[in-house]
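What follows is one structure encoded as structure tokens, with my remarks underneath.
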Amino acid sequence: MKVLVVIPVYNEEKILAQSVTELHEYLTDKNLDFQWEIRIADNASKDKTLEVATQLSRRFNSVAVSHLDEKGRGRALKKVWTESDADIMAYMDVDLSTNLDSFLPMVNALKEEGYDIVIGSRLMRGANTTRSLKRETISRAYNLLVRLFFLSGFSDAQCGFKGVTRRVVREVLPFIENTNWFFDTELLIIAEKKGYKIKDVPVKWIEDLDTRVKIAKTAVEDIRGLIRVRLNFWKGVYR
């Protein structure tokens, strides 16, 4: 069993080394019964992120780097996951906003419980979330909108903490058109409607005040994405 953990980054030179070191120490200390690799996916950073990532790959044998000339978290995940031979592929935000104690429950659900996708949830019972009222309200409103559009069962489409099986990468990713933030939502909607099993795991999550997400721009992208995916279902695109 091999597990790939991807960290998509854009201009994260300040925190990249600390976060990757923390993740590496966590995985090493757990003495896991599977192989694992951390892959830093640099999305056309303009600062020294790629240089820092390269240094980390030289420091740790289990850390590798992929570089993309174009921005887009979805683009990075699709490229790295598709090129990997891992059995389980996950990703997490570079700020490690989601507590790492949720990582093994996510992997075990994919490895032993028969789930195809596992997502960290900040909204379900048992989650412990620290963030502004504005971000909390926007998140709940968006996920309510997803449920209204698609009668979806998952609780948190946008949490930057997810894992999938190789089967999902092979069979679902080819349908995904978005290359940025809506990638997660599109993946979950298509996978759920096609019958793949999705599990929500409550997480402890702390808001990153230095986030790169532009809320207004992302909201427009998400709404357009929901409409596009809804139309695609009506057209039979995902058959």
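The values are calculated or read from the model by the stated rules, or taken from the named source; none is laboratory data. Bear in mind the structure is a predicted one, so any value in this text is a computation, not a measurement. Neighbour counts run over all protein chains shown; Cβ positions are idealised from the backbone, glycine included. We work out accessible area using only protein heavy atoms, side chains counted, and drop any ligands, DNA or RNA first. Shrake-Rupley method; radii C 1.70, N 1.55, O 1.52, S 1.80 Å.
Taking Lys and Arg as +1 and Asp and Glu as -1, the other residues whose beta-carbon sits under 13 Å from that of K48 total -3. Working note: 222 nm ellipticity from helices only, DSSP H runs with n ≥ 4, each -39,500 (n - 2.57), summed and divided by the residues of the chain, gives -13500 deg cm²/dmol to the nearest 500. Taking region 17-97 as the region of interest, the number of lysine pairs whose Cα atoms are within less than 26 Å, with members eight or more places apart or on different chains, is 7. With every protein chain in place, what's the accessible area of Y91 (1.4 Å probe, Å², nearest 10)? Accessible area, nearest 10 Å²: 0 Å².
List the GluC sites (Glu not before Pro) in region 1-43 that DSSP assigns to loop (not H, G, I, E or B) and whose Cβ has at most 16 other Cβ atoms within 10 Å. Which are they? Here the sparse-neighbourhood loop sites are E13. Within the chain, antiparallel bridges make up roughly 25 percent of the DSSP beta bridges whose residues both belong there. In terms of accessible area, using a 1.4 Å probe and ignoring ligands and nucleic acids, F149, F60 rank largest first as F149, F60. Dipole of the chain computed with +1 at Lys/Arg Cβ and -1 at Asp/Glu Cβ about the Cα centre; of M124, N178, F161, farthest Cα towards the positive end is N178. Taking all protein chains together and a 1.4 Å probe, the residues R170, R125, R147 rank R125, R170, R147 from largest to smallest accessible area.
When H24, H67 are compared by accessible area of protein heavy atoms, the largest-first order is H67, H24, using a 1.4 Å probe. Students often get this wrong: which residues of region 12-32 have the backbone nitrogen under 15 Å from the point 7 angstrom along Cα-to-C-beta of D47? Label zone hits: 12-20. Classify region 8-84 as rounded, prolate or oblate, taking a ≥ b ≥ c as the square roots of the eigenvalues of its Cα gyration tensor: rounded when a/c is under 1.5, otherwise prolate if a/b is larger than b/c and oblate if not. Oblate shape, in that a/c is at least 1.5 and b/c is the bigger or equal ratio. When the solvent-accessible area of region 103-148 is split by element, carbon and sulfur atoms take up 55 percent of it, the probe being 1.4 Å. Note on D101 and D69: with the Förster distance fixed at 35 Å, the Cβ-Cβ geometry gives a FRET efficiency of about 0.50. The angle separating the long axis of helix 49-59 from the principal Cα axis of greatest extent in the chain is about 50 degrees.
Model label points for L231 and N11, set 7 angstrom from Cα along the Cα-to-Cβ axis, are 3.2 nm apart. Within the assembled protein chains, the solvent-accessible surface assigned to T54 is about 40 Å², based on a 1.4 Å probe.
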